[in-house]
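A short write-up of the structure that comes next.
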Amino acid sequence: MALLQKIMGLSIPSMDPTLPPPAATAIMTHILPQPPLSRTLLSRGLQHASGLVQLTSLCGVERTLVRMAEVELSLQAMGAQ
């Protein structure tokens, strides 16, 4: 999970405003890498009996939401130009 959090912690690449925005599937793959991380795995982790597993899963969810916000800001910036 530590490696996955480092991967998800990489910065969002800049987007060229002269090009059309990327496809939704490409954006989602950038936010939530597949197959290492999926909604099912996060759900299982959050429901696990171990508090440490729950915490690690919650950190993954938090990082996913942060990345989603970063991508949204990047797309809004592209639309504003």
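Give the stretch 51-66 a look and list any residue that's modelled with pLDDT of 85 or more, under 11 Å from the mean Cα position of the chain (by Cα) and not aliphatic (A, V, I, L, M), or say none. Correct list: E62 only. Scanning the stretch 18-37 for residues that are within 20 Å of K6 (Cα to Cα) and part of a helix (DSSP H, G or I) yields A26, I27, M28, T29, H30, I31.
Is there any pair with a first residue in the stretch 55-81 that is under 21 Å from A26 (Cβ atoms) and a second that is at pLDDT 80 or above and of a type in the set (A, V, I, L, M) whose Cβ atoms are under 9 Å apart and which are 6 or more apart or on different chains, and what are they? Pairs found: G60/L41; G60/L42; T64/L42. Of the residues T29, T40, the single one that is open to solvent by 70 Å² or more (accessible area, probe 1.4 Å), β-branched (V, I, T) and modelled with pLDDT under 75 is T29. Is one or more of the residues making up the stretch 38-50 within 17 Å of the chain's Cα centre (by Cα) and part of a loop (DSSP other than H, G, I, E, B)? Scanning the stretch 38-50, I find at least one residue that is within 17 Å of the chain's Cα centre (by Cα) and part of a loop (DSSP other than H, G, I, E, B), so the answer is yes.
The values are calculated or read from the model by the stated rules, or taken from the named source; none is laboratory data. This is a predicted model, so every value here is computed, not measured. So basically every Cβ, Gly included, is an ideal-geometry build from the backbone, and we count neighbours across all protein chains shown. Side chains are part of the model used for accessible areas, which takes the heavy atoms of the whole protein and leaves out ligands, DNA and RNA. Shrake-Rupley method; radii C 1.70, N 1.55, O 1.52, S 1.80 Å.
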